[in-house]
Amino acid sequence: MGLERFMDWKGNPINKDRHGGTRAAFFIYFMVGMSSMAFMSNVLDMVTYLHKTMHMGVADSSTTLTNFIGGTCAFALLGGFLSDSYITRFRAILIFGPFEFLGFSLLAIQAHLPSLKPQECNNTLGKLSSCNHVHGYNAAILYIAMYTIALGEGCLRANLASFGGDQFDDDDPIESGMKSSFFNWFTFSISVGSLTGLVLIVWIENNKGWDYGFALSAFVVLLGVIVLGSGFSFYRNQRPRCSPLTRIMQVFVAAFRKRKLVLPENEEDLHKELVKEEMVSEEVLPHTKGFKCLDKASVFHGNTGSRSLCTVTQVEETKVVLRMLPIFICAVFGYMPIPQLLLFTVQQGSTMNIKLGNIHISPATLLVIPMIFQMILLVAYDQLFVPFARRITGFKTGITHLQRIGVGFISTSVATCVAAVIERKRKKIAEEHGLLESGTGVPMSVLWLGVQFLVMGITDVSTFVGLLEFFNSESSRGMKSLGTAIFWCIVGLAALMGSVLVHMVNRATKHGEGGIGWLEGNNLNKNYLDRYYWLLSVLGLVGFLNYLYWARRYVYRQHPQPPSG
């Protein structure tokens, strides 16, 4: 059975009634909520800290934050590689979770001690050019703290989702359906944690001080690790095996060495035997058509070395990765407008009326709107839509992962269209009141931005969860963490590509020596953000059509069939 590849915390075979299931998942939900509460709230508010406290320019602040997000996703690959190859996912979480705690603690210390940050600006003349940009020793502390957080968060990202998936058996029809529900509630936990962080931590940072906010972030991460660790006796832990990257490279090397061999007519002649120590943890994959050049890696020709002979399972594992590659590339382009929309919407909000009666609304706090909407949709999707759609389609997930992802890409284009219309309205009001030069104080409620955030909530429910479940489900058992890390790479690459797109647009739209591009300068009222949003809409539509082409041709490794009975 599939459960033979798992062990308890002592290394003994698991008891299906005691280990795994929903009970174990609750500890994971708590950890996810705590890490999201700390990380997401600070990612969305960090640009303010870098600009106002560390005195970085607007462009430098955004670039630093984008690199930080990209670094977090890169570290996810490291965490996925280590847990698939050498240590269990549970141990990886316990090892790397405290790094995030240390990073936030270092930020709290720096924010508290005046000697570790630039001096306050002298604004008597209304000029900020005299502010000292963070540099030297203080800059080193800032970057060490940020990338220590990135290391911890990245490794947590790679392992929490796949560790939760390990608690449910794919070979059991009932548990397989529960696994699909897990990813919905996993995303729900992210939303709850992020929502709490946006309300509590962002408020503390903006009203009580950044040192208090960072200290609270460190505390909640540590609390999450402690609570997750306390459930050690309930978990199913995968048995680590050879690095998935090593296995894939062996296939390419063996196939290249035997490229002149002729494939046998009978696929039964291909090498399928697994070595004895691999039988417990190995998932036996059946031979499939396609990528026939790789099948030569499993043709026996007298040499049985790892560089010359691979099993059919090893070859099929490589084929799975190659089949997912077009979806990965399409998803990067399709997801690119999301971080752009988040970043520029917060900047739009800083120019608008942030008062609601006597309450001042932080632009970052507007993300509460899509998160609440997302939470409602996730519950409705899991409890109402999936059972209803399952009866019609016969799929245990209601609709396929790729169909769910496609819905999100459509809603992304709609969100950017809505954003373009609202931005045009904002600029028109600024022009009517003679505020084009001031850059702030536009008499338009910041709540208008909630409309585009509302549409983005659909994207998170569909694309975010769909991609996470797709890469986790389609990856072989020996590379689940790496599959999850690949998903997070989509988010990181999308953010980095968005920065590249901004640079390209500015260069293409700059006219003359003194001209500025659509998004250059510090005055959003004189920019053409509405045009940029329309460009994102067009790119999003083209990306969706490209995705549709590849998604319709994708063959699932484990097609979501209806649960028996």
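The values are calculated or read from the model by the stated rules, or taken from the named source; none is laboratory data. Just so it is clear, the model here is predicted, and its values are computed rather than measured. We place every Cβ from the backbone using ideal geometry, glycine too, and count neighbours over all the protein chains shown. The accessibility values were calculated without ligands, DNA or RNA, using every heavy atom of the protein model including side chains. Shrake-Rupley method; radii C 1.70, N 1.55, O 1.52, S 1.80 Å.
See the values below:
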item	result
Angle between the chain longest axis and helix 89-112 axis [Cα atoms, degrees, rounded to 10]	10 degrees
Size of charge dipole - the chain - debye, nearest 20, with Cβ of Lys, Arg +1 and Asp, Glu -1, no other charges	700 debye
Sequence ranges 414-421, 113-120, ranked by mean other-Cβ count within 10 angstrom, highest first	414-421, 113-120
Partners for LYS16 among lysines (Cα-Cα distance below 19 Å; same-chain residues under 8 apart left out)	LYS179
Inter-label distance for SER230 and GLU432, nm, one decimal - labels placed 7 Å from Cα along Cα-to-Cβ	5.6 nm
C-alpha center-to-center spacing [segment 310-338, segment 9-27] in angstrom	30 Å
Packing-based ranking, highest mean first, of 347-354, 15-22 given that Cβ atoms within 10 Å are counted	347-354, 15-22
Within straight-line cross-link reach of LYS296, lysines at Cα separation under 16 Å, skipping those fewer than 8 residues along the same chain	LYS258, LYS260, LYS272, LYS319
Cα-centre dipole for segment 415-488 with unit charges at Cβ (Lys and Arg positive, Asp and Glu negative), debye to 20	60 debye
For segment 446-532, size of Cβ-based charge dipole, Lys and Arg +1, Asp and Glu -1, in debye	120 debye
Most positive-pole-ward Cα, PHE470, CYS310, THR365, against dipole of the chain from beta carbon charges	CYS310
Value at 222 nm in deg cm²/dmol, rounded to 500, when DSSP H runs of n ≥ 4 in the chain each add -39,500 (n - 2.57)	-21000 deg cm²/dmol
Between helix 368-380 and the chain: long-axis angle, C-alpha atoms, 0 to 90°, nearest 10	30 degrees
Accessible carbon and sulfur surface of the chain relative to its total accessible area, %, 1.4 Å	64 percent
Dipole of the chain, positive direction: furthest Cα of SER230, MET54, LEU524, with charges on the beta-carbon	LEU524
Given charges at Cβ of Lys, Arg, Asp, Glu: the chain dipole, positive-most of ALA419, VAL502, THR148	VAL502
Solvent-accessible heavy-atom area per residue, rounded to whole Å², over segment 444-486 at 1.4 Å	17 Å²
Which of ARG5, ARG507, ARG91 is most accessible, then next, and so on - probe 1.4 Å	ARG507, ARG91, ARG5
Using alpha-carbon coordinates, inclination of helix 450-459 to the longest axis of the chain, degrees	10 degrees
Over 27 Å between alpha carbons, listed pairs LYS425/LYS510; LYS208/LYS428; LYS208/LYS427	LYS208/LYS428; LYS208/LYS427
